[in-house]
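The values are calculated or read from the model by the stated rules, or taken from the named source; none is laboratory data. Model, not experiment: these values are computed from the prediction. Using ideal geometry, Cβ is built from the backbone for each residue, glycine included, and neighbour counts are taken over all protein chains shown. Ligands, DNA and RNA are stripped out before the accessible areas are found, and what is left, the full protein with its side chains, is counted by its heavy atoms. Shrake-Rupley method; radii C 1.70, N 1.55, O 1.52, S 1.80 Å.
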Amino acid sequence: GRKTRHHTARLPGYWNGKAIEWNNFLKFLSLGLSQLALFGFLRKIRLSIFFSFLLSLITVYNLRVPDLYRFGAPLEAYTAFLFLCSAIGWYFIKPSKWLGPLCIIAATYLLVCSGHPQMMYYGFLGVVLFVLVSPFFISTMLPEKQVDFKSIIKGWAIIGMCLFLGIMLSSVYIMPFYFDFLKMNIDRVGQDYAWAVDTF
């Protein structure tokens with residue numbers, strides 16, 4: 001997204017012919033790290049190494065990814081979605097005081113700031129479904145992690161707070177997007193072709 005491109009432009013050689021190489025490297029790195037996070041979560045629920053690798057592979061490198069890769073921002077939203085789901089799954093398995101919530105907040109921030117609002121929206125829909133289902137799925141996969149209604153509500157509340165904090169940290173992106181673009185975007189409706197090519 002916008003933040004990633006800002007930091008990428010500071011990398012050595014970016015302005016001297018290495019822009020494509022750096023962008024490709026970071027895209028592949030984000031895909032690899034998201035698969036690693038998902039693989040770790042699948043191993044935590046005691047799937048074998050083979051099936052953990054296979055499921056994480058076909059999830060991350062599906063047939064939609066080449067199209068997402070071409071545009072950049074949708075790919076960042078997709079990998080952030082995978083990071084966020086993995087962080088939430090890890091938190092349900094082994095709740096921690098700081099690390100788990102910080103990972104959820106950071107992944108939420110990445111998803112919001114990916115630069116692609118539609119993919120962000122679908123990503124959050126998927127995250128909500130994952131949050132609702134995870135406690136029951138994990139307790140099935142890990143019999144010793146049986147949960148009661150009180151612990152489920154507590155987990156949902158903590159994760160909801162982390163998601164909220166991640167969104168609030170992203171307000172530096174959300175507020176300008178709304179006031180500088182979305183709020184005024186209605187002005188283009190009903191205009192003629194001359195308005196579209198006017199340089200203002």
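Before moving on, here are some points about what is shown:
- Each residue was assigned an accessible area with a 1.4 Å probe, and for residue 46 the value is about 150 Å².
- For residue 76, the accessible area of its heavy atoms, probed at 1.4 Å with every protein chain present, is near 50 square angstrom.
- Computed over segment 72-129, the ratio Rg/Rh where both radii use C-alpha atoms and Rh is Kirkwood: 1.00
- Gain upon complete extension [residue 141, residue 70; 0.36 nm per residue less C-alpha separation]: 21.9 nm
- Sequence of 108, 140 when ordered by accessible area, the most exposed leading, probe 1.4 angstrom: 140, 108
- Scattering from segment 15-109 was approximated by placing one identical point on each alpha carbon and applying the Debye formula without solvent; log10 I(q)/I(0) at 0.24, 0.25 1/Å stands at -1.21, -1.25.
- Estimated vicinal HN-Hα couplings, Hz - segment 103-108 in sequence order (Karplus 6.51, -1.76, 1.60; Gly, Pro = x): 5, 5, 4, 5, 5, 5
- Once both labels are positioned 7 Å from their Cα atoms along Cα-to-Cβ, the gap between residue 53 and residue 133 label points is 2.6 nm.
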